[in-house]
Structures are given as C-alpha cells and as structure tokens.
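Asker: Below you will find the structure I want to go over with you.
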Amino acid sequence: MSGLSLVWELSGDPVVGASMGVAGAQSRSEDEESLGVKDVKRTATQAFGSSVPKRRSSSRSIKRKKFDDELVESSLVKSSTRVKGPPVIEPVRCSGSEPSSSEKKKVAKSGTALTPPLTMVMNPAPLTKRVKKSKQPLHITKDLGRWKPTDDLLLINAVLQTTDLTSVHLGVKFSCRFTLREIKERWYALLYDPVISKLAWQAMRQLHPEAIAAIQSKALFSQTEEAMLAKIGSTSQPKLDVFQELLSNYPAVFHPSRTPKSLLVHWQLLKQYYLLDDQSVQPLPKGDQVLNFSDAEQMVDDVKLKESRDEVLEHELMVSDRHQKREIRQLEQELPRWQVLVDSITGMSMPDFDNQTLAALRGRMVRYLMRSREITLGRATKDKQIDVDLSLEGPAWKISRKQGIIKLKNNGDFFIANEGRRPIYIDGRPVLSGNKWKLNNNSVVEIAGLRFVFLINLELISLIKAEAAKMAPQ
C-alpha cells in the first residue's frame, strides 16, 4: 500500500489517485503469484524509505463507496484488464533511486524482469477489429420478397415501351397489386441501388426462356405502335397478311415479340373504343339540358321496334298444331278399345252380378261382394271378425279394426260412414271420423293407401227403387 498512498498524496486529485491505486492493486495481485514479490517490496521500501514515512500496509484493497465518476472510470479499467493478451507494463521511476547490485541479482534469480512500479500504466495490445457484414435493411428484404423476377421484367419492358410509370401502373398486371408509389420506388431501386439491381438481374437471368417470351408478349403498346395501327381504316376487314406486312416494313417500331395476331387483336380494341384515325366520337349535346334515358326512350319509335311477321314460320306452326290435334283425337277414340283389352287380360272388367249381389268393392288383388244392406270394413283379428277384411288386399297395419260401414238405404243410395281414426278418401275427398259420404258407381275408395273401386249392380238397385216407389204412395 506504500505505492498507493504515495500516489494519493502526490496526485492531489482524488479521482486520479483512486483510479491509479486500483490499477496498481490489480497489477500487484498478478505479480504476487511469482517468486520475487518480497524482493520487489523490499527494494521499494529502501528506495523511498528516507522520504516516505512507514505506514502499516495490507494486501487487501480498501472498500468504500464510489462516486458516479469513479464507477465509470473503474468499469473502463476492468474492461481493459479483460482484454486477451499480456499487458505491457511500463514502470515509472523517480530520479535518484536505482536498485543495488545485490537486488539486481535477487531479481534475476526470481526469473522476473519487473521493477517496483510507482504507477502502473496499462497499454493493451492492439486488437484486430472484426468487421461484421452489415445486414440489409428489413424493408429491402421484404421488397425483394414481394417483387418477383417476372414482375421486374414486366416493369422494365413496360417502362421501355411507354416511358410512363402511371401507364405502367394502370396497364400492367403484376403478380400482386402494387401502388404507384411502390412501382416508382422499385424502378428507382433498380436504377440506383446496386444491391437490389444485382439481385434482380441474377433472378431474371434464371428465368426459363419460355417464361421470358410469355412476359415479353404482354408488353404494352407504345404510342408509335398505336399510331401505325390507327392508320388502318375501320371499314376495312384487314387480315393477318396486312399486319405481317407492317411488321416486316417497320421492324424498328414494333416490339420484337409482336405477332400478326396480337396486332389484329389490338387493332380490334382500338376500333371498339373509337380510337382509329377515321373514327370520331359524337360529342354531347350542347346546352343546359342533357339528354337522359327517359327522353331517349320517348324519342324511340315503337313501330320500328315491332318485329315483322314471318309468314313461313306461322304456316309451319299452324300445320304442326293441326297434326298434333288430329293425333290426340285418334288416341281418344282408341282408348275404349285398349281399356277392354286391358280388362280382359287383368280380369278387372265389369263383374257379372247375380241376383243377390247389391254391389262390389274391387281392389288390385281381391274383390269383395256386398250381399246385405250393411257391411263392415276394417282389419280382422282373432277376437273380432268383420265382413270385409282389408288386410287381404295389402298392408293394413294403419287401418282400424272397424274402419267404416257401407249401408244401402231404402231409396237405393249407398253411404259410407267412417268409424276409424284415419280419414277415408272418396274420389279424393277426405271423410273424417264420424262423418259419412254417398257412394256412386265407379267411386274410388282409398283407405290408408289401399285403393278400391265401388261398383253398383244397377239392375238390382233399379228394381229396389221401383219397389220403394210403389210402397211409398201406400
């Protein structure tokens, strides 16, 4: 601590003294590992023993609170000591203090060439700085990702054709929607940014030749090309030979990717929008009142809008109508014949009633004969038997055990009464539970999906009516 106290007293500046003391303490802790630490301390005390009073010293550093400026300087000193490589120590000696020959021998024996430092000046060896490659900005990488090489090639071709970025923005269809500002920034980047232009050029060189040809075929038409196409008259019907002649006569005007067919298509577009030289757009009517749709509709003559009569077509329609009506009449006349044939084959013709049968209920599979004035319809079970078992005709699980009653009155009329839960349909009309309906000859009776035809023995019923009429006056 003798060197530390001396520097503290001589410097006069507490900050400088503290920083130099810390440096001396750090260097002394490193030198104590060698074998000649004790000889160095003894030499220092002999050299400055006459002028500096003896004080008690300790190998430990004094711990006290540091000010803000001391913290900054001490952090700088610590960072300098962490630098790799051996530090260069330059001893500072006072005049008139030289070590003796015996001390020199002791230092030589210790194997170190250190001298007692008054102040330890740390000069770290110069380090080669690693130059990191500067990363590209984020917006550049993002821009490179959005702009594809096909977009760059489209942009370059369109600008070379039109020399107008606004026309490029309106006429070119890129892979995604770019604003006019983005197109301008991309064009200026291709012109003046070496990194972006190099990357774009490398990407465009890797495109397939067919893709390049397809992109070049989409190049916009320049004003000179449209001027050459506009000279062709709108009334003419040009063929591909005319446009081939234009390409051969003016190779410097048209783009190398132009074909006669593409020129024909563009000429048709110019004609459609009245952009040819011999075409003119009608100006709007001058004045305060502009013609609107309702006024134009009133000016149209309704007589001109009516289609003219086509006599040939009307005659053909009339002949076909007559032919169809004649066929319908023939089919209506032949229907009874076919009905007799079908009934004879299926056995469903008019039954031969005997003198005891009042009526018959004919189904698809069976036929029920009514020989009493009142019969019961339904589904027969082991416990209950009925007159007409509808389960013989088909599935009758939806039919009630007592579905209905057919009854003949004295005046010769047949009535059906619904006694079940489900309705009975007579000629398509529903008869609900508890109601009744009159049955006529050939009436269709439908019960839970099963259809029957009710046939009446007219001869027997007429006799019954005659007898009833005779009994009535009496």
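The values are calculated or read from the model by the stated rules, or taken from the named source; none is laboratory data. Please read these numbers as outputs of a predicted model, since none were measured by experiment. When we count neighbours, we look across all protein chains shown, and the Cβ atoms used for this are built from the backbone with ideal geometry, even at glycine. Each accessible area value is taken on the protein alone, full model and side chains, heavy atoms only, with ligands, DNA and RNA left out. Shrake-Rupley method; radii C 1.70, N 1.55, O 1.52, S 1.80 Å.
Asker: Looking only at region 417-440, decide whether some residue is open to solvent by 90 Å² or more (accessible area, probe 1.4 Å), out of contact with any Cys (no Cβ under 7 Å at 6 or more places or on another chain) and modelled with pLDDT under 85.
Answerer: Within region 417-440 (the criterion being open to solvent by 90 Å² or more (accessible area, probe 1.4 Å), out of contact with any Cys (no Cβ under 7 Å at 6 or more places or on another chain) and modelled with pLDDT under 85), the answer is no, since none of the residues qualifies.
Asker: Then there's this: Does region 260-278 hold any residues that are touching a residue at least 24 places away in the same chain (Cβ under 8 Å) and either β-branched (V, I, T) or open to solvent by less than 70 Å² (accessible area, probe 1.4 Å) (or both), and which are they?
Answerer: Passing the criteria: S262, L263, L264, H266, W267, L270, K271, L276.
Asker: Still on this model: Given the structure, is T376 of a type in the set (S, T, Y), more than 20 Å from N442 (Cβ to Cβ) and either outside the structural domain of S443 (by the TED database) or not in a loop (DSSP other than H, G, I, E, B) (or both)?
Answerer: yes
Asker: Do the conditions hold for W397, that is, is it out of contact with any strand residue (DSSP E or B) (no Cβ under 6 Å at 6 or more places or on another chain) and of a type in the set (A, V, I, L, M, F, W, C)?
Answerer: yes
Asker: May I ask you to list pairs of residues, at least six apart or on different chains, whose Cβ atoms are under 9 Å apart, with the first in region 386-399 being more than 14 Å from R362 (Cα to Cα) and the second being open to solvent by 50 Å² or more (accessible area, probe 1.4 Å) and among the acidic types (D, E)?
Answerer: So the pair list comes out as D387/E374.
Asker: Report those helices (runs of 4 or more DSSP H) wholly inside region 245-334 carrying at least 2 residues which are modelled with pLDDT of 85 or more.
Answerer: 260-272
Asker: Also: Please go through region 181-196 and give me each residue that is open to solvent by 50 Å² or more (accessible area, probe 1.4 Å) and hydrophobic (A, V, I, L, M, F, W, C), ordered by number.
Answerer: L191, V195
For (1) of a type outside the set (S, T, N, Q); (2) within 25 Å of T224 (Cα to Cα); (3) in contact with a Leu (Cβ under 7 Å, 6 or more places away or on another chain); (4) assigned to a helix (DSSP H, G or I), each residue gets a yes or a no:
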residue	(1), (2), (3), (4)
D151	yes, yes, no, yes
L160	yes, yes, no, yes
F174	yes, yes, yes, no
E182	yes, no, no, yes
E185	yes, no, no, yes
L190	yes, no, no, yes
I196	yes, no, yes, yes
M204	yes, no, yes, yes
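Asker: Could you tell me which of the residues T376, T381 is loosely packed, with under 15 Cβ neighbours inside 10 Å and among the hydroxyl-bearing types (S, T, Y)?
Answerer: On inspection, the qualifying residue turns out to be T381.
Residue-wise test of (1) of a type in the set (G, A, S); (2) in contact with a His (Cβ under 9 Å, 6 or more places away or on another chain); (3) open to solvent by 70 Å² or more (accessible area, probe 1.4 Å).
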{"residue": "F174", "(1), (2), (3)": "no, no, no"}
{"residue": "K198", "(1), (2), (3)": "no, no, yes"}
{"residue": "L207", "(1), (2), (3)": "no, no, no"}
{"residue": "I212", "(1), (2), (3)": "no, no, no"}
{"residue": "K218", "(1), (2), (3)": "no, no, yes"}
{"residue": "S222", "(1), (2), (3)": "yes, yes, no"}
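Asker: Check L160, L191, L144 and return the single one that is modelled with pLDDT of 90 or more and touching a helix residue (DSSP H, G or I) at 6+ places or on another chain (Cβ under 9 Å).
Answerer: After ruling out the rest, the residue left standing is L191.
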